[in-house]
Every structure is written in C-alpha cells, then in structure tokens.
1. Given (1) in a loop (DSSP other than H, G, I, E, B); (2) touching a Lys or Arg at 6+ places or on another chain (Cβ under 8 Å), where does GLU199 come up short, assuming only one miss?
2. Here is a check on your reading of the model: is THR188 over 30 Å from ILE121 (Cα atoms), in a strand (DSSP E or B) and not assigned by TED's automatic domain parsing to the domain that holds ALA28?
3. Please state which of the following conditions ASP140 fails to meet, knowing it meets all the rest: (1) closer than 23 Å to VAL61 by Cβ; (2) at pLDDT 95 or above.
4. Hey, could you check the range 36-51 for residues that are at pLDDT 95 or above and among the hydrophobic types (A, V, I, L, M, F, W, C) and say which is nearest to GLN122 (Cα to Cα)?
5. Which is within 30 Å of MET1 (Cα to Cα), buried (at least 16 other Cβ atoms within 10 Å of the Cβ) and in contact (Cβ under 8 Å) with a residue 12 or more places away in the chain, of ALA167, ALA118, ALA147?
6. Pick out, from the range 88-171, the helices (runs of 4 or more DSSP H) lying fully within it that include 1 or more residues that are over 25 Å from VAL271 (Cα atoms).
7. Do you know which of the residues in the range 10-57 that are under 23 Å from ASP181 (Cβ atoms) and of a type in the set (Asp, Glu) is farthest from the chain's Cα centre (by Cα)?
8. Among the numbered criteria (1) surrounded by 20 or more Cβ atoms within 10 Å (Cβ to Cβ); (2) touching a residue at least 60 places away in the same chain (Cβ under 8 Å); (3) more than 18 Å from ALA189 (Cβ to Cβ), which single criterion is violated by SER27?
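The values are calculated or read from the model by the stated rules, or taken from the named source; none is laboratory data. Model, not experiment: these values are computed from the prediction. Heads up, the Cβs are rebuilt from the backbone with ideal geometry, glycines too, and the neighbour counts pull from every protein chain shown.
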Amino acid sequence: MSILASYPGLLDALRGEMTPKFLATRSADGVPNVVPCTSLMPAEDVEDRLIFGNFLLRKSVGNLDADPRVGILVVTPDLVGWVLQGHFLGWQRTGPYVDALMNTSLLRYNAYTGIRNAGVIQVRAVRRSFRIPRLRVLSDYIMARLAGRAFPSPADAVPMPLPVQRAFRPLTALRVLAFLDEEGVPLTAPLLSLQPAGESVLVGAGGPTADWLAPLPMDTPVAASLLTLDIVSFQIKGEWMGTRRYLGMPVGGMAVRAVYAGGPPIPGRQVAGSPRWEAVSGE
C-alpha cells in the first residue's frame, strides 16, 4: 500500500479543492518559507505523487529550484490533519498535470492568471496525523493569550503592521509554523493558537506537535503562515524564542523579523522588516 493510501481520509482531503493545504520550502541558507497551496492534489497516475500549480508563488519557486526538500500540511474543516514531507521533482509546462490543475474550479475561474507550470512532489513520509478537538483549540488559544507576558519583545524585533496583528487575532484563522527538522527538511506544525503578544512577538500554546517545538533551540529560523476564513494570508519570518511551561502547558514564542503579504494584489511583497530579509524570504 502506498504511503498516502495507508492514512484513511488523507487522499480524499488532498483531492478537496478547498481543503486548506500549506507548502513549506527552505532557502539554501536554511530559512524556512511556508505558504497556503490549496492547489496541491494527487497526481493519480503515480502512487504518493502530488502536483500543484505555480500560482501566486514567488520565493517558494526559487527555494524549490535550489533545494528539493519540502514539507506539507493538510487540514480539513473538521481539524483532522496530516504532516507530510517530500521531494520536489521539477516543473512541467505542458501535459496532463497542467491540464488537471487548470480544470479545477480554483484555477479555471480565477481572476488573475492561469498557472505558469505544474510542480511535482513525491511524498516520502507522513510524519504525523492528528485531530484537534474544538475545545482544545479554545483552551490553547486562551493559554497563549495569558502567557504572552512571558515572552518580552527583543529590542531588535520588527513591529507587525496593525492589519497583520488584527488578522492573527481571530480564533478561527488557520496558523502554521514551519521550521527545519534534524535533517534539514521543512516541517509544518499546526499551531492554531499562534497570536500577537505585543507588536513584535507571536506566541502559541500546545497543539498536536508541541513535542516537536519543545526541543527547538532558541534563535532557530521559523516561518508562520496565516490563512483566514475570508482568504487573507500573511507570512511572518523570525527566530524561535524557546518553549516554556505556563500553568503546566508548553508555550512557545517567535520574534518577528519580517512580514510578507500572502495574496493579491501584492503576493510575496515584504510589508515590514529590514532589507536583509528581502533576499531570503517572501512567498
């Protein structure tokens, strides 16, 4: 049995055109990048192969061309999800993969442009499957809000623009944290409680991958991606501030170094942060 088929519900979730999916890549110098990539879908002709459209991607394309290691997160509306890792195989400008993607309602009727080409990924592993109870989402969110004072802002952290702070506050938005595992492969961790603690720090509590975040060293490069119900997206790059226990629960923080718009009309554009991050980050 294939890797994907051995996890009940995963293939159906990947086939869902509106199922939230995130794609994590890495730069040559080890900075993670994570963005929504709803077009990800099974190739259907080869086991454990996924395809996606090069649509509103920017930094992801350059990262994939430089390093083929990828991480993927799939989350259903019922908060059932899977954390995948894979290997990028290349781009196809024409052929059945491009046709299949262009026939999806997501791309067939978009108001901007068709895809430039189709990306191909071979899945190597499912690192974790999970289900997050709604009550757990609420308790984690409250805990992260209470623990915010435990992560004072570093003097050199970058303030998030007010619209970004507001976008990260609603309980209903999807939030993902990406980092590199011990072998340098991107990992995507669902962290639905991630929220501002002041204007230049994000704090998140618990989550189904808390055991991955607890040993993450301080100053590790991380990337957070947000997707709201009204399809607003932002990406924030920064460094991990470590994990601490607050009322018995693990809570972690990240210092903000750069902020990027994730969708039209300026996908991938840096909207806050120092110029040095422009070269290594973005969509």
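1. Only one criterion is unmet by GLU199, namely (2).
2. Values: over 30 Å from ILE121 (Cα atoms): no; in a strand (DSSP E or B): yes; not assigned by TED's automatic domain parsing to the domain that holds ALA28: yes.
No, not satisfied.
3. Looking at each condition in turn, ASP140 falls short on (1).
4. Only one residue fits best here, namely LEU50.
5. That would be ALA118, the only listed residue that is within 30 Å of MET1 (Cα to Cα), buried (at least 16 other Cβ atoms within 10 Å of the Cβ) and in contact (Cβ under 8 Å) with a residue 12 or more places away in the chain.
6. 96-102, 105-108, 134-146
7. ASP48
8. (1) is the only condition that SER27 fails.
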